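For reference, the structure discussed in these notes is given below.
The values are calculated or read from the model by the stated rules, or taken from the named source; none is laboratory data. Keep in mind that what you see is a predicted model, and the values were worked out from it rather than measured. Please note: Cβ atoms are built from the backbone with ideal geometry, for glycine as well, and neighbour counts cover all protein chains shown. What goes into the accessible areas is simple: the full protein's heavy atoms, side chains included, and nothing from ligands, DNA or RNA. Shrake-Rupley method; radii C 1.70, N 1.55, O 1.52, S 1.80 Å.
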Amino acid sequence: MARRKPKRLPPIPGWAVYLRTSTKDLQNPKMSHDRQRFSIQQSLLARSELPLISEYSDIESGTRADRREYQNMLKDARMGDFSHVAVENAERFGRNDAEALSVIDELDSLGIAVRFADYPDLNPMGADDRIMVSLSFTLARRESMKLGERVRGGINAKLRNGGWAGKAPDGYVNKEEKTEGSVQTQHGKYTRWVEQDPKQIQVWRYAWELLLENSWTLEEICEKLHARGYYYHTGRPFVKVNKDGTRSSARNGLSRNFHNWFYAGWVVSEKAKISPKTIRGQWKPLISTEEFERGLEILKRRVEHKTPRRRHFYLLSGLVYYV
């Protein structure tokens, strides 16, 4: 005789609130959660006699979106801890319409309803309302794409005007100042620029002097910087002394900076299709263009005349194999 499955108890009447903010959003996560919470309270909770049982909130990193609280909410839902889930809108609930609708279907099978504050009367289990949920994701993706286009356009415009839109390289620092009045109308809430870091710029001035002497390898330059007690701005040493006494130099990072046209005062961007020596940057260069190109030539000659590593020759090479 087949064993009957135990009858599932109905979920506890009450609301679970889910809040989500991405760190890619240009906003304060706490303020975003407060706004979502207020919207849910006004549109859903205030119209219901059910109590608020629990709240879950996630802040996604953009590169790694674990959404731990989202998983905790689903775990508690499967335990029957609440009967309703409140979200500000469908885009906050899932990464895409397929995932969101799949979870909504699972929750419905558990006797749990999902409601959205922007459309409080919408029931995603209804045929017409389900189309609205899918459409909201489509519109959200479109808005995200349009926002990306506007951001990229703004970055490219700033670069072509000689500004810098990214993190300044070692030896320089990003600065910003809040604007007021007519300046704010033309340039936004903040004016941003790049300037030399008085302390760290000495490190790179000395590094470039050593390179232009054309007497020292990159490893030797790292050693000389290390001997002076210099570090990268992050605190990373130019030479790391391992536990066994061996030394490893940060020559790759040094080489990348020696190839960076920023130090010669030029804006260069492959994405924005800006080639070297076409747009002058609005920051004080560390070295002249002539010195930078001489440094590139020194590095290039070293690569071209690099002595290949000698390989040992064995008498039976290629003749004897181990099976």
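Could you tell me which of the residues Pro285, Pro276 is surrounded by 16 or more Cβ atoms within 10 Å (Cβ to Cβ), free of Cβ contacts under 8 Å to residues at least 60 places away in the same chain and in contact with a helix residue (DSSP H, G or I) (Cβ under 8 Å, 6 or more places away or on another chain)?
Values: Pro276 fails: surrounded by 16 or more Cβ atoms within 10 Å (Cβ to Cβ).
Just a single option satisfies the conditions, and that option is Pro285.
Please tell me if Ala90 is over 22 Å from Lys30 (Cβ atoms), under 24 Å from the mean Cα position of the chain (by Cα), aliphatic (A, V, I, L, M) and buried (at least 21 other Cβ atoms within 10 Å of the Cβ). Give the derivation first.
Values: over 22 Å from Lys30 (Cβ atoms): yes; under 24 Å from the mean Cα position of the chain (by Cα): yes; aliphatic (A, V, I, L, M): yes; buried (at least 21 other Cβ atoms within 10 Å of the Cβ): yes.
It is true that Ala90 is over 22 Å from Lys30 (Cβ atoms), under 24 Å from the mean Cα position of the chain (by Cα), aliphatic (A, V, I, L, M) and buried (at least 21 other Cβ atoms within 10 Å of the Cβ).
Cβ-Cβ distances below 7 Å connect the following pairs, each with a first residue in the stretch 195-216 that is farther than 20 Å from Leu296 by Cα and in contact (Cβ under 8 Å) with a residue 12 or more places away in the chain, a second residue that is among the acidic types (Asp, Glu) and surrounded by 14 or more Cβ atoms within 10 Å (Cβ to Cβ), and a separation of six or more residues or different chains: Gln200/Asp170. Taking the options Glu143, Glu106, Glu49, name whichever one is at pLDDT 90 or above and either in a loop (DSSP other than H, G, I, E, B) or within 31 Å of the chain's Cα centre (by Cα) (or both). Going through Glu143, Glu106, Glu49 in turn, the sole match is Glu49.
Give the number of residues within the stretch 109-132 that are open to solvent by 30 Å² or more (accessible area, probe 1.4 Å) and part of a strand (DSSP E or B). I'd like the intermediate steps shown before the answer.
Narrowing the stretch 109-132 to residues open to solvent by 30 Å² or more (accessible area, probe 1.4 Å): 109, 111, 115, 118-121, 123, 125, 127-132.
Narrowing further to those that are part of a strand (DSSP E or B): 115, 119.
Here the count works out to 2.
The lone criterion from (1) without any contact (Cβ under 8 Å) to a residue 12 or more places away in the chain; (2) open to solvent by 40 Å² or more (accessible area, probe 1.4 Å) left unmet by Asn156 is number (1).
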